[in-house]
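Read the structure below first, then the notes.
The values are calculated or read from the model by the stated rules, or taken from the named source; none is laboratory data. Remember, it's a predicted structure, so these values are computed and weren't measured experimentally. Here the Cβ positions follow ideal geometry from the backbone for every residue, glycine too, while neighbour counts run over all protein chains shown.
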Amino acid sequence: MKRLHTHSQYFLRNPRLIKELVGHSNLKPGDTAYDIGAGSGVISSVLATYCNAVVAVEVEPRMVRKLHENLGSYPNVAIHAGSFLDMKLPSSPYKVFANIPFHLSSPILRKLTESDHSPEAIYLVVQKQFANKLPLDSDRFTSQLGAMIGPLFAVRIRKRLKRTDFWPHPNVDTVFVELIRRDPPLVDLSHIPQYRRFIEGCFSDPKIFAKVLLAHTNIPKDIRPSQLSLEQWVTLFCFKQGVL
């Protein structure tokens, strides 16, 4: 099926590759898995052989029809026709395994990680550039999104993908990234709303960030928000809250 440019659709071509990616995950037979941007259902069909239940989420009407055609023989697959960003997340445990539309990576990840009913684990195919904004175990900069996600989810790249793994071929590098919910979180859940406001303020207003640094003597005063590690962000917040 022809790609719709407005939906950033790049389809994984090979079910064997999807099975390999599932092998890099912690999906278990009793799990419920959400496939966001399910397309024609290749990922959902593979997930159906591993998980107890699969929810294939697709907004584009042509693809919804194709999903019903391709997944009708899978009794453990439910199809949700509509935008993932508008749907209500389940209150029961679930995981996410999806090749999401690249242009919606940030809002999708924010919805998943900021919900009161966040998934136990998230596995996404995303642009490498986007993955590098997350709190990976590296010397890369920490973005606002990464600083917000880090206390709740541990992140790592599980596999680098080839452009030929997709049809059509994307003109960007892609990776398979894993986010595992931390237990316990690095910031107490009761303080997460304040922590998010703290991060937003520091990234949006240099005066707020400078004032925070001035009160904490163990971090260089000429550092930029993107140069702080996740550990330093958590330390600054706890210091500000009087926890340390």
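Key figures
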| quantity | calculated |
| --- | --- |
| Failed condition for Arg158, given (1) in a helix (DSSP H, G or I); (2) of a type in the set (D, E, K, R); (3) not assigned by TED's automatic domain parsing to the domain that holds Thr235 | (1) |
| Any hit, the range 80-92, residues being within 17 Å of Ser118 (Cα to Cα), in a loop (DSSP other than H, G, I, E, B) and of a type in the set (Ser, Thr, Tyr) | yes |
| Verdict on Phe97 being surrounded by 20 or more Cβ atoms within 10 Å (Cβ to Cβ), outside the structural domain of Gly201 (by TED's automatic domain parsing) and within 24 Å of Val46 (Cα to Cα) | yes |
| Residue match in the range 69-88 (condition: over 24 Å from Arg196 (Cα atoms), without any contact (Cβ under 8 Å) to a residue 12 or more places away in the chain and in contact with a strand residue (DSSP E or B) (Cβ under 7 Å, 6 or more places away or on another chain)) | no |
| Residue list for the range 93-103, restricted to those being outside any loop (DSSP other than H, G, I, E, B) and modelled with pLDDT under 95 | Phe102, His103 |
| Selection within the range 37-55 - among the hydroxyl-bearing types (Ser, Thr, Tyr) and either under 11 Å from Tyr74 (Cα atoms) or part of a helix (DSSP H, G or I) (or both) | Ser44, Ser45, Thr49 |
| Boolean, Tyr34 is modelled with pLDDT of 95 or more and part of a strand (DSSP E or B) | yes |
| Whichever residue in the range 27-82 is in contact with a Lys or Arg (Cβ under 9 Å, 6 or more places away or on another chain) and of a type in the set (Ser, Thr, Tyr) and, among such residues, is surrounded by the fewest Cβ atoms within 10 Å (Cβ to Cβ) | Thr49 |
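Listed here are the residues, each with its yes/no results for (1) assigned to a loop (DSSP other than H, G, I, E, B); (2) acidic (Asp, Glu); (3) at pLDDT 90 or above.
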residue: Val172; (1), (2), (3): yes, no, yes
residue: Ile180; (1), (2), (3): no, no, yes
residue: Phe198; (1), (2), (3): no, no, yes
residue: Pro220; (1), (2), (3): yes, no, no
residue: Phe237; (1), (2), (3): no, no, yes
